[in-house]
Amino acid sequence: MNDNHALQAIGWPLDDHGRPAFAAWREMLADFPTAYPARVVEQHRTGYVVAVGPEEGMAVESPPHWQRAPSYRKGATPTEQRAGVGDWVLVEPAPEDAIVTKDQIVALLPRRTAIKRGAAGEHYKQQLIAANVDTVFVVCGLDSDFNPRRIERYLLLVSGSGAVPVVVLTKLDQADDVPGSLEALIDLAAQDVPVRAVNALDPDSVASLNPWLRPGTTAVLVGSSGAGKSTLTNTLVGSERMKTGAVRESDERGRHTTTHRALIPLESGACLIDTPGMRELKPTGEEDVAENFSDIDALGANCRFRDCRHASEPDCAIRAAIEDGKLDPRRFANYVKLQEEVAGAADKLAERQTQHAAPATNGAAAPPLSARPARKPVEKAPGKPSRQRPRIDDDYGED
Ligand SMILES: Nc1nc2c(ncn2[C@@H]2O[C@H](COP(=O)(O)OP(=O)(O)OP(=O)(O)O)[C@@H](O)[C@H]2O)c(=O)[nH]1
Ligand SMILES: [Zn+2]
């Protein structure tokens, strides 16, 4: 079942020996000898569509405890700890004599990277945008869509995800003040965030993104509606599009339906994850604003007072930099705003963690992924108990 070549086309990282590049993944594969690795291309409430290569896509069942409403108290798994688009999972083939005929996910491989955002709502929640992504293309038009503050917000969310951000400015052919726009992003470039201006309709122009589209890697496009994500995707996919743009999926009755596919293999050997335009970009509370605005952070170190709030204190290096035209006041205002938002989200996150650390909830931890009723138990390798569960980074739940 494991066709490494097919898997690599959808982002499966292989080392020089042709093995999965990560020891933790190899160990989990060994722990589930009859399961096969697959990548989540679509997520639904009761199940997933996974792929094992560029052509295939099939519906599989999720583990029972992923199907329950996400609440720690009921022993279910918070949404962002369930597989999402881009995740690698281990799937157990359905036994031939089984009543349930769908294969079932038995393990979530530890995420190499995870792009997340805070979800809207009264209670603290996180939402996975995409997992196991190497590059995040932050797409923004050089037309009226151009908004350095929104780009800064995207970059904040990408920071700490493990993925590399690249700012892609589209509509180069329609822009009238390219130098002015690039100037507005000079602080990003100074922080080693690559910025590329392209005509998304022109393959030669889009080729400047090739360094981030190497075989076996995965990129995701984020950006507001109309920024040019679909256009970029089409140009990158080129002639392959019709072949790869749809997935045939078996539904419950074994019929085939064609659905939109979120994971698109490219001719370069990389693959692309498509995300819908996101209106709201709330921080999760885990972001490091100072690190993201290292220029402002460095300036602040020169203020006379250590706890300078850069308001009316004497000898404030930040205000001096703004007055000298060395710091864009709008960038500083965004820094302050994002810092407040991150602090607010971090408070809520801490509250959650305290709640869920309470003894009353300790017995309610989700069962291991391998605990599947009515199935032949999967043999566990002795002496490796901790590998039966995916690594869980965030110890909190949601209602
Ligand atoms: N001339 C020109 N037009 C572009 C460029 N990039 C995007 N467009 C046009 O801008 C419009 C919006 O682009 P899309 O690719 O649909 O935008 P999107 O980001 O996918 O938007 P959503 O799907 O709503 O999230 C389309 O009419 C594109 O043809 C570009 O670089 N040059
Ligand atoms: Zn100051």
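The values are calculated or read from the model by the stated rules, or taken from the named source; none is laboratory data. Bear in mind that the values here come from a model prediction, so they are computed numbers and not experimental data. Note: ideal-geometry Cβ built from the backbone for every residue, glycine included; neighbour counts use all protein chains shown.
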Among (1) modelled with pLDDT of 90 or more; (2) under 22 Å from V133 (Cβ atoms); (3) of a type in the set (D, E, K, R), R19 falls short only on (1)
When the range 299-341 is checked residue by residue, the ones that are of a type in the set (K, R) and more than 9 Å from ligand 2 (Cβ to nearest atom) are R306, K326, R330, R331, K337
If R352 satisfies every condition in (1) part of a helix (DSSP H, G or I); (2) under 29 Å from G223 (Cα atoms); (3) touching a residue at least 60 places away in the same chain (Cβ under 8 Å) but one, which is the exception?
(2)
